[in-house]
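Everything below concerns the one structure shown next.
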Amino acid sequence: MWRWVGPLAALLILTLVGFILHHQLARLHIKGVLAHLHAIPQRQILTALLFTALSYWLLTTYEVLALRYLRRAIPTRGSCLPPSSPIPSGIRWASPSSPARPSASACTSRRG
């Protein structure tokens, strides 16, 4: 019987969150949301996109530098903005004599 407590609690919480979201979003209308989105100046949107791209670039650079310091290698496709997560998959050890160094074309050859 106790094995069902966790899943039932999760289902209860999910149902409660769905109920709350339904009542909160019932007040919104798509035309009002679109009107507010169109009211945002284009300059602010472009600035936000620029800072978002910059933050991902800094995250990637920080990750590459940290892995280089730890002398770990990372696959080329993992050293640039991963599609769904900033955490790379497939980290492997590098030999102490040859620390991990991403290639110059690390961000241009994203196959796979």
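Below is a table of values for the structure above.
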item: Residue-by-residue Karplus 3J(HN,Hα) for region 37-49, coefficients 6.51, -1.76, 1.60, Hz, glycine and proline x; result: 5, 6, 7, 6, x, 4, 4, 5, 5, 5, 5, 5, 5
item: J(HN,Hα) series, region 13-29, from Karplus relation 6.51 cos²θ - 1.76 cosθ + 1.60, nearest Hz, glycine and proline x; result: 5, 4, 5, 5, 5, x, 4, 5, 4, 4, 6, 6, 7, 5, 7, 8, 10
item: 3J(HN,Hα) from dihedral phi, region 52-63, Karplus parametrisation 6.51/-1.76/1.60, rounded to Hz, x for glycine, proline; result: 5, 4, 4, 5, 5, 4, 5, 4, 5, 5, 4, 5
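Just so you know, all these numbers are worked out from the coordinates, no wet-lab data involved. Bear in mind the structure is a predicted one, so any value in this text is a computation, not a measurement.
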